[in-house]
Amino acid sequence: MDAKAYWVGFNLVKGIGAVRLRQILDFFGTLEIAWNSPQEGLLAAGLPLKIVENFQQMRNKVDLELIMANIEKKHVKVMTWDDPDYPRRLKEINQAPPVLFIYGSINVEDDWAVAVVGTRRVTPYGRQVAAEISRFLAQNGVTVVSGLARGVDAIAHQTALQAGGRSIAVLGSGVDVIYPPEHRKLAGEIASQGALVSDYAMGTPPDGVNFPPRNRIISGLSLATVVVEAGEKSGALITAEFAVEQGRDVFAVPGSILTPQSEGTNRLIEQGARPLLKMAEILDALKLEQIPEKQLTRKMNPTSVVEKNLLNCLSQDPLHVDELCSLSGLPISEVSATLTMMELKGMVTQVGGMHYVAARETKGSYLVDNTH
């Protein structure tokens, strides 16, 4: 069975989050061993009896193979801490979600993302500002992240997509349960130009208690959070709080002191959030005007251990694929497949007869470690 099945299984257990899952991994080494462990072993790992009982009840009633088959059938990707393409910025936060369910795709360019959030009861002013911010970000290669809610969230997603940009929606339900239901079409469009993301299991309904915790993912995926309009008790303020805790920038759009929808944003500014007065201030503050150069550099750098290994073996002197297999200790199938991807990225060049050289730009932009 796929090792990810055990991650999905533990994700179903009430009381086991990022901290306890790390505890389990440190003790057992793999989640497969932990999943098949008797009660004594789980207690020895330091889990409280109540959580062990929760786990045993869950283990006895779920069919992991059936769950994984359903996930595959719905074309959903499961991503864990172990995946090299787990979102880099999200992995930096405290207690990053151990498991993500993704419908669509998260790409390298999504490293440059900004969250645009706000009230569901958006004013005409807020509607205009949310649209202009999202359009500006999308046109400058910045992925727009939000929560698929009514109001500001929906405007942010829609405008980013209409501008030809990417968008990511973080759900407070399973990625196969769209809420609100009238946003099903929008959700499909987001998945085609970005991704629907959730750390909740497939089929999880949109319970009210799910939404505040998911906001940490919205801010965690983003370099900064922009709050357009928010009442004093808006969920957007929770996203801003998470952003501050994660060391990310917070921008707030100032509004009328007579408008309830601006009470939260004006309060954020009073507390130290940066007032957003011009769209370009986001790019300036986050150095996002350098995105094209950063994206090129990222594509030129190795993104896996195998790519790094092969790059270390290559120089400007052509090497046959068989020689690369010998030097790297990797099988021919893996070397060939990886070289194909590296060639598409511009990291290596095939010079004929299955001979490869490293691209000069790659060697110049990546410090090669030859000590292994």
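In segment 114-128, of all residues being surrounded by fewer than 24 Cβ atoms within 10 Å (Cβ to Cβ) and either part of a loop (DSSP other than H, G, I, E, B) or among the aliphatic types (A, V, I, L, M) (or both), the one that is nearest to the chain's Cα centre (by Cα) corresponds to Arg120.
Considering each of Ile71, Ile102 in turn, give the residue that is under 30 Å from Ile133 (Cα atoms), at pLDDT 95 or above and either touching a Cys at 6+ places or on another chain (Cβ under 9 Å) or of a type in the set (Val, Ile, Thr) (or both). Result of the check over Ile71, Ile102: Ile102.
Evaluate segment 282-292: report whether one residue or more is farther than 30 Å from Thr225 by Cα, surrounded by 19 or more Cβ atoms within 10 Å (Cβ to Cβ), modelled with pLDDT of 80 or more and hydrophobic (A, V, I, L, M, F, W, C). Within segment 282-292, not a single residue is farther than 30 Å from Thr225 by Cα, surrounded by 19 or more Cβ atoms within 10 Å (Cβ to Cβ), modelled with pLDDT of 80 or more and hydrophobic (A, V, I, L, M, F, W, C).
Residues that are over 26 Å from Tyr86 (Cα atoms) and modelled with pLDDT of 85 or more are absent from segment 333-354 altogether.
Of the helices (runs of 4 or more DSSP H) entirely within segment 11-97, those holding at least 2 residues that are among the acidic types (Asp, Glu) occupy 64-73.
Exactly one residue out of Gly188, Gly220 is buried (at least 23 other Cβ atoms within 10 Å of the Cβ) and on the phi < 0 side of the Ramachandran plot: that is Gly220. Residue check: is Met79 aliphatic (A, V, I, L, M), touching a strand residue (DSSP E or B) at 6+ places or on another chain (Cβ under 6 Å) and not assigned by TED's automatic domain parsing to the domain that holds Arg267? Yes; evaluated as a whole, the condition is true for this residue. Applying the criterion of being assigned to a helix (DSSP H, G or I) and among the charged types (D, E, K, R) to the residues of segment 202-222, the residue that is nearest to Arg150 (Cα to Cα) is Arg214.
Restricting attention to segment 298-310 and to residues that are under 20 Å from the mean Cα position of the chain (by Cα) and either at pLDDT below 70 or of a type in the set (Val, Ile, Thr) (or both), the residue that is farthest from Asp249 (Cα to Cα) turns out to be Pro302.
Looking across segment 312-329, the residues that are assigned to a helix (DSSP H, G or I) and among the charged types (D, E, K, R) come down to Asp322, Glu323.
Conditions tested, residue by residue: (1) of a type in the set (A, V, I, L, M); (2) in contact with a helix residue (DSSP H, G or I) (Cβ under 6 Å, 6 or more places away or on another chain); (3) outside the structural domain of Lys4 (by TED's automatic domain parsing).
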| position | (1), (2), (3) |
| --- | --- |
| Gly29 | no, no, no |
| Ala34 | yes, yes, no |
| Ala45 | yes, yes, no |
| Leu49 | yes, no, no |
| Phe55 | no, no, no |
| Arg59 | no, no, no |
| Val62 | yes, no, no |
| Ala69 | yes, no, no |
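Scanning segment 311-324 for residues that are modelled with pLDDT under 85 and aliphatic (A, V, I, L, M) yields Leu311, Leu314. You will find that of Val177, Val142, Val129, the residue that is modelled with pLDDT of 95 or more and either in contact with a strand residue (DSSP E or B) (Cβ under 6 Å, 6 or more places away or on another chain) or under 21 Å from Leu283 (Cβ atoms) (or both) is Val129 and no other. Restricting Leu277, Leu268, Leu327, Leu237 to residues that are modelled with pLDDT of 85 or more and more than 30 Å from Phe211 (Cα to Cα) narrows the list to Leu327.
Scanning for something of a type in the set (Gly, Ala, Ser) and touching an Asp or Glu at 6+ places or on another chain (Cβ under 6 Å), does segment 162-176 turn up at least one residue? The answer is no; no qualifying residue exists.
The values are calculated or read from the model by the stated rules, or taken from the named source; none is laboratory data. Just so it is clear, the model here is predicted, and its values are computed rather than measured. FYI the Cβ positions are ideal-geometry reconstructions off the backbone, even for glycines, and counts take in every protein chain you see.
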